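A.B. asks: I am attaching a structure below and will ask some questions about it afterwards.
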Amino acid sequence: MATSFDGNDGNDGNSANAGGAGNATSVSKGWFFADRVNLPLVTEFDTGPNAPAVPTPIGQLPIINLPHFPARNWSAEWYSWLALNDFVGTAWQNINPTNPPPQWVGAWPWPAWVPFPFPQPADWSGLNTGANVPGEISGLVTAASNERADALAEILSQSNEFISYFLNMMTARPAAYPATTRVLSNASLVGTFVAMYFKNQYSRPRPSQLCPALLPPIEIPGHASFPSGHSTQAHLMALCMIDVFNQLPQPNTMNTMVDDLWTLADCIARNREIAGLHYPSDTGAGIAFAGWSHSLLNGAGQTHYQQAVKDAAGEWQP
């Protein structure tokens, strides 16, 4: 994932998304600093408090002793790739969305509306004529008729980027909460990575390919439907923020925020259904894949993600 949003000015888009793969992971915007052609800054004479007696261009000053690239200088976007490099060492390809993630068994309220068990790959081949498909399509037609006009602004603004939604809900900005931004970016990139792999495995047609009259209001993404990338990413972001808040002194006052973030993830995923881009079962599968990915991120070897969580918790200390 490439460009996304400036922490103060908003969203610039997501060039690597290729039509809606999910959510951008970058939180840095390209800067441009003009320099004079005939007299660049490097030729300016040292006018600082330590200036030598003999006028010296600042380009000739002693170099700064910096033995390595500072860890804090890794932007959220590129740090996420380090976390992804850790993640690929897990058994992520063996994720089984037909089962709830292990940490949810007896501990997490599995959403009652999620179709369960989830379908196997063979169910989504050919013409996609599974038993639940007509009912899902009918529900999407109703949603487009009754809800799309009201949801259109959110559908458009969340099409390529929604890290900003999570940050804004928490009254946070990338510059003030860099580690928190890293956690969200890690979740976004890992969620995209997992969703894309399984989209290829399941190869489920988009709802509008079965019912063209749905006519989504944005460009139909150039990849398969199941699972929903937006659902996978958004719910993984919410789960990863739970990791952050769980490191705060207990009991803490962030339980309400956890519910807020999870509900936000639900709404982001639901907007993709209202747009006619995903079936409800795509959304439900995204929750399952998010849960499994979250479990793996909390396993052995996930150094960069777990360090980001630890650092982010420090940003939320009362």
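Read the figures in this text as sums done on the coordinates, not as results from a lab. Note that this is a predicted model, so its numbers are computed, not measured. For neighbour counting, all protein chains shown are included, and Cβ atoms are generated from backbone atoms with ideal geometry for every residue, glycine included.
A.B. asks: Only counting other Cβ atoms within 10 Å, I'd like Tyr202, Tyr279 sorted with the fewest neighbours first.
C.D. replies: Tyr202, Tyr279
A.B. asks: Taking the alpha-carbon centroid of each part, what is the distance from the range 176-232 to the range 249-318 in angstrom?
C.D. replies: The range 176-232 and the range 249-318 have Cα centres separated by 15 Å.
A.B. asks: Let me ask something else. Please report Ser293, Ser231, Ser75, Ser281 as a ranked list, fewest other C-beta atoms within 10 angstrom at the top and most at the bottom.
C.D. replies: Ser75, Ser281, Ser293, Ser231
A.B. asks: Oh, and also: In sequence order, what are the phi-derived ³J(HN,Hα) couplings for the range 169-174 according to the Karplus relation 6.51 cos²θ - 1.76 cosθ + 1.60 with θ = phi - 60°, rounded to whole Hz, with x for glycine and proline?
C.D. replies: Couplings: 4, 8, 6, 10, 10, x Hz.
A.B. asks: Convert each backbone phi in the range 260-273 into a coupling constant with the Karplus relation 6.51 cos²θ - 1.76 cosθ + 1.60 (shift: θ = phi - 60°), then list the ³J(HN,Hα) values in order as whole Hz, x for Gly and Pro.
C.D. replies: Going residue by residue, I get 4, 5, 5, 5, 4, 4, 4, 5, 4, 5, 4, 4, 5, 6 Hz, with x marking Gly and Pro.
A.B. asks: Determine ³J(HN,Hα), in whole Hz, for all residues of the range 205-214 in sequence, where each value follows from phi through the Karplus function 6.51 cos²θ - 1.76 cosθ + 1.60 and θ = phi - 60°; x replaces Gly and Pro.
C.D. replies: Along the range 205-214, the couplings run x, 6, x, 6, 6, 8, 9, x, 5, 4 Hz.
A.B. asks: So, one more: Could you list Arg182, Arg204, Arg270, Arg36 so that the one with the fewest beta carbons within 10 Å of its beta carbon is first and the one with the most is last? Let's see the in-between values first.
C.D. replies: Working: Arg182 29, Arg204 26, Arg270 20, Arg36 9.
If I rank by nearby Cβ atoms, fewest first, I get Arg36, Arg270, Arg204, Arg182.
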